[in-house]
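The values are calculated or read from the model by the stated rules, or taken from the named source; none is laboratory data. The model shown is predicted, which means the values in this text are computed figures rather than measured ones. Please note: Cβ atoms are built from the backbone with ideal geometry, for glycine as well, and neighbour counts cover all protein chains shown. The protein model used for the area step is the full one, side chains on, heavy atoms only, and it has no ligands, DNA or RNA in it. Shrake-Rupley method; radii C 1.70, N 1.55, O 1.52, S 1.80 Å.
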Amino acid sequence: MVEDVVRTLGFLCMGSRLRRIGERLQADTQQVIDEAGLSIQAGQYPFLAAIDRSGPLTIGELAQAVGITQPGATRTIGQLLEFGYVDMQPAPDDQRRRLVSLTDKGQDLVDHSKKLIWPRIAAAVADLCGDLDGPILEQLAAIEDGLAAVPLARRNAAKEER
């Protein structure tokens, strides 16, 4: 059997390991979505959830809400437009800004997903993490906050300065 180098190298490969976990969670989430017969990608759900929670948002606001680049948000919104889940209209206060909102079809998908899909996914992830020692979500938040405050590339230099 081949050694799992990413796991063995610990903190050195933490980014690769988190990406691997994220990809697995996305794939498993997609399987649940596919089994439910829905025509959406797992990575598109956060955009619909952001609009559902906050109301119409610009592409830049959606990128910020989901934590990805603006070009990535533009691509995803383009896909959601094609599916008819969102609509984009000029903002009433500034015609240069375009607001993305849920269509009736998108709202129906969100409502259905809130009842049947999202609780199933949340419960499955909670079950997965249930036996872990320590508050995993708080630990992940602390890692994200730490990376935002001092990126990895600056961590050793910042430590040496102290």
So the carbon and sulfur contribution to the accessible area of the range 48-87, 1.4 Å probe, in percent, is 48 percent
Show that you can apply the helix-only estimate: for the chain, add -39,500 (n - 2.57) for every DSSP H stretch of four or more residues, divide by all residues, and state [θ] at 222 nm to the nearest 500.
-19500 deg cm²/dmol
How big is the convex hull of the Cα atoms of the chain, per residue, in Å³?
181 Å³
Place the peptides 1-13, 20-32 in order of packing, highest mean first, counting for every residue the other Cβ atoms within 10 Å and averaging per peptide.
20-32, 1-13
Inter-probe distance in nm under a simple model that places probes 7 Å from Cα toward Cβ, at MET88 and GLU35
3.5 nm
How high is the relative contact order of the range 32-87, given as a whole-number percent (alpha carbon pairs under 8 Å, six or more residues apart)?
24 percent
The chain: relative contact order in percent, alpha carbon pairs under 8 Å with at least 6 residues between
15 percent
Taking each full run of DSSP H in the chain as one helix, which ones are at least 15 Å long along their axis (Cα atoms) and have mean Kyte-Doolittle hydropathy of at least 0.0?
118-129, 136-149
Accessible area of the chain divided out per residue, in Å², using a probe of 1.4 angstrom:
70 Å²
A chain fully extended from ARG17 to LYS114 at 0.36 nm per residue, minus the present Cα-Cα distance, gains in nm 32.0 nm
